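Peer 1: Structure provided below as structure tokens; questions to follow.
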Amino acid sequence: MTSDDALVPELVEVARTVALEAGRLAHEGRPDDLAVAATKSSPQDVVTEMDVAVERLLRRRLAELRPGDGVLGEEGDDVAGSTGLTWVVDPIDGTTNYLYGLPAWSVSVAVVRDDAPRPDPLTWTVLAACVHAPAEGRTFVAGRGLGAQELVHRDGDVPAHGRRLRVRPAVPLADSLVATGFGYRAGRRASQARVLTELLPRVRDIRRAGSAALDLCTLAAGRVDLFYERGLQPWDLAAGSLVASEAGARVSGLRGRPADSAMTVAGPAGTADALVALLEAAEADAED
Ligand code: IPD
């Protein structure tokens, strides 16, 4: 047992605690007249005042509960730590859904160990994760080596324990329900559309829910067979990837690479292999 293994239960509890507090602020504090506060990579890539407020709360609480750890978040500057552990947070993953009042958004909180100066999915080890979806009434938690659970809310309360998660058994690609997502830049979307035209005739169907962190948890819960997306940022990927892998998914990139922004593919090994092969043949990771 490594010293990190011994720390994992405590880290899961911190992830859960801060994700629930952040989710309460986002869910109960959402103004009826919520508007776009700023845009990022394109006019379609929006930030609301609540993304900023929720990330501020996450950073304040993590500094109280885990002083010395670093923070990498979607809406703020990187904070370097002294412990080798970094919290990778997305205050609202699925901001477009949140803006429109659709329920598929989540607070995504993970903690990773990485010796690199800036934690990177190519080199990090994710130790603990919580993906909290208050509007959907579901919370997902995972600890490295401890499995993943789905906590179904009862009257708005999140129970301490839930159902242990397992991905669906592998099936042929033709019988697979595949979740995916799209980036915000027009050029990226054009190449993602091209790949989709190759994939759609070869699978059961496609789902685009709007929160990559939740997509990975939906896969872990056995509600889709596969997930893939190009362009995920570290905070979109960190927590969901641990929930998925602890539920038995293989989470990878293409051409033998780990999952990262170039490509993330998740699913039971047999089916994921077939999707990886199709995406490689379609050059889904080509420059766009
Ligand atoms: C987005 C969501 C979406 C995915 C995009 C992400 P955001 O995150 O996860 O499902 O397709 O690639 O950027 O911007 O809502 O935090």
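The values are calculated or read from the model by the stated rules, or taken from the named source; none is laboratory data. What you see is a predicted model, and the numbers here were worked out from it, not measured in a lab. Quick reminder, even Gly has a Cβ in these numbers, built from the backbone with ideal geometry, and neighbours come from all protein chains shown. Side chains are part of the model used for accessible areas, which takes the heavy atoms of the whole protein and leaves out ligands, DNA and RNA. Shrake-Rupley method; radii C 1.70, N 1.55, O 1.52, S 1.80 Å.
Peer 1: Ratio of alpha-carbon Rg to the 2.2 N^0.38 Å globular estimate for segment 173-281, to two decimals, please.
Peer 2: Working: Rg = 12.3 Å, N = 109, 2.2 N^0.38 = 13.1 Å.
Segment 173-281 yields a ratio of 0.94.
Peer 1: Which residue fluctuates the most in the chain, going by a Gaussian network model with Cα springs under 10 Å, if the choices are Glu229, Glu28, Glu74?
Peer 2: Glu28
Peer 1: So what is the relative contact order for the chain, in percent, with contacts set as C-alpha pairs under 8 Å and at least six apart?
Peer 2: 16 percent.
Peer 1: What order do you get for 32-38, 264-270 when each peptide is scored by the mean count of other beta carbon atoms within 10 Å, highest first?
Peer 2: Details: 32-38: 10.0, 264-270: 23.0.
In descending order of packing, they fall as 264-270, 32-38.
Peer 1: What spacing in nm lies between the two simple spin-label points modelled at Ala53 and Ala80, each 7 Å away from Cα in the Cβ direction?
Peer 2: For Ala53 paired with Ala80, the spin-label model returns 3.4 nm.
Peer 1: Keeping all protein chains in position, work out how much accessible area Met263 exposes to a 1.4 Å probe, and write it in Å² to the nearest 10.
Peer 2: That residue has around 10 Å² of solvent-accessible surface.
Peer 1: Take segment 247-288, drop everything but the C-alpha atoms, weight them equally and run the Debye formula without solvent; then report log10 I(q)/I(0) at 0.32 Å⁻¹ to two decimals.
Peer 2: -1.19
Peer 1: Return a whole-number percent for the relative contact order of segment 152-288, with Cα pairs under 8 Å and 6 or more residues apart as the contact set. Don't skip to the end; give the middle numbers.
Peer 2: Details: 256 pairs, mean separation 37.4, N = 137.
The value is 27 percent.
Peer 1: Can you divide the C-alpha Rg of the chain by 2.2 N^0.38 Å and report the result to two decimal places? List each step's numbers first, then the result.
Peer 2: Details: Rg = 17.7 Å, N = 288, 2.2 N^0.38 = 18.9 Å.
Here the Cα radius of gyration is 0.94 times the empirical estimate.
Peer 1: Also, quick follow-up: To the nearest µm²/s, what D does Stokes-Einstein give for segment 110-242 at 25 °C and 0.890 mPa s, using the Kirkwood radius over alpha carbon pairs as Rh?
Peer 2: Value of D from the Cα-based Kirkwood radius: 153 µm²/s.
Peer 1: Mind running the shape call on segment 1-81? Use the C-alpha gyration tensor, a ≥ b ≥ c as the square roots of the eigenvalues: rounded below 1.5 for a/c, prolate if a/b tops b/c, oblate otherwise. Each step should come with its number before you reach the end.
Peer 2: Details: a/c = 2.79, a/b = 1.84, b/c = 1.51.
It is prolate, given that a/c is not under 1.5 and a/b is the larger ratio.
Peer 1: Here's another thing I want to ask about it. In percent, what relative contact order does segment 3-164 have, based on Cα pairs under 8 Å that are 6 or more apart in sequence?
Peer 2: On the way: 319 pairs, mean separation 31.5, N = 162.
Relative contact order for segment 3-164 comes out at 19 percent.
Peer 1: 5 Å is the cut-off here: which amide hydrogens, built 1.01 Å from N in the peptide plane, fall below it relative to Phe140, excluding neighbours closer than 5 in sequence?
Peer 2: Val131, His132, Ala133, Leu151
Peer 1: Give me the number: length gained by fully extending Ser42 to Leu122, i.e. 0.36 nm times residue separation minus the C-alpha to C-alpha distance, one decimal in nm.
Peer 2: Numbers: separation 80, 0.36 × 80 = 28.80 nm, distance 2.58 nm.
Working it through step by step, the gained length comes to 26.2 nm.
Peer 1: Please state the charge dipole magnitude for the chain, taken about the Cα centre, from unit charges on C-beta atoms (+1 on K and R, -1 on D and E), reported in debye and rounded to the nearest 20.
Peer 2: Values: 31 positive and 42 negative charges, 136 e Å.
Approximately 660 debye in magnitude.
Peer 1: Take the alpha carbon gyration tensor of segment 3-164, find the square roots of its eigenvalues, order them as a ≥ b ≥ c, and report rounded if a/c is under 1.5; if not, report prolate when a/b exceeds b/c, else oblate. Let's see the in-between values first.
Peer 2: Numbers: a/c = 1.96, a/b = 1.22, b/c = 1.61.
Note, shape of segment 3-164 comes out oblate.
Peer 1: Sticking with this structure for a sec: What is the sum of charges around Val8, taking Lys and Arg as +1, Asp and Glu as -1, for the other residues whose C-beta is under 12 Å from the C-beta of Val8?
Peer 2: Values: positive: Arg113, Arg144; negative: Asp4, Asp5, Glu10, Glu13, Glu246.
Around Val8, the charge tally is -3.
Peer 1: Now for a separate question. Beta carbons within 10 angstrom, averaged per residue: use that to sort the peptides 59-70, 127-138, highest first.
Peer 2: Working: 59-70: 16.2, 127-138: 25.2.
Highest-to-lowest ranking by the protection proxy: 127-138, 59-70.
Peer 1: By the gyration tensor of its Cα atoms, with a ≥ b ≥ c the square roots of the eigenvalues, what is the shape of segment 50-145: rounded for a/c under 1.5, prolate for a/b over b/c, or oblate?
Peer 2: Working: a/c = 2.00, a/b = 1.59, b/c = 1.26.
Since a/c reaches 1.5 and a/b is larger than b/c, the shape of segment 50-145 is classed as prolate.
Peer 1: Another question, then. Summing +1 for each Lys or Arg and -1 for each Asp or Glu, what net charge is found among the other residues whose Cβ lies under 15 Å from the Cβ of Phe140?
Peer 2: Numbers: positive: Arg16, Arg138, Arg144, Arg163, Arg164, Arg166, Arg223; negative: Glu13, Asp90, Asp93, Glu136, Glu150, Asp215, Asp236, Glu246.
So the surrounding residues net to -1.
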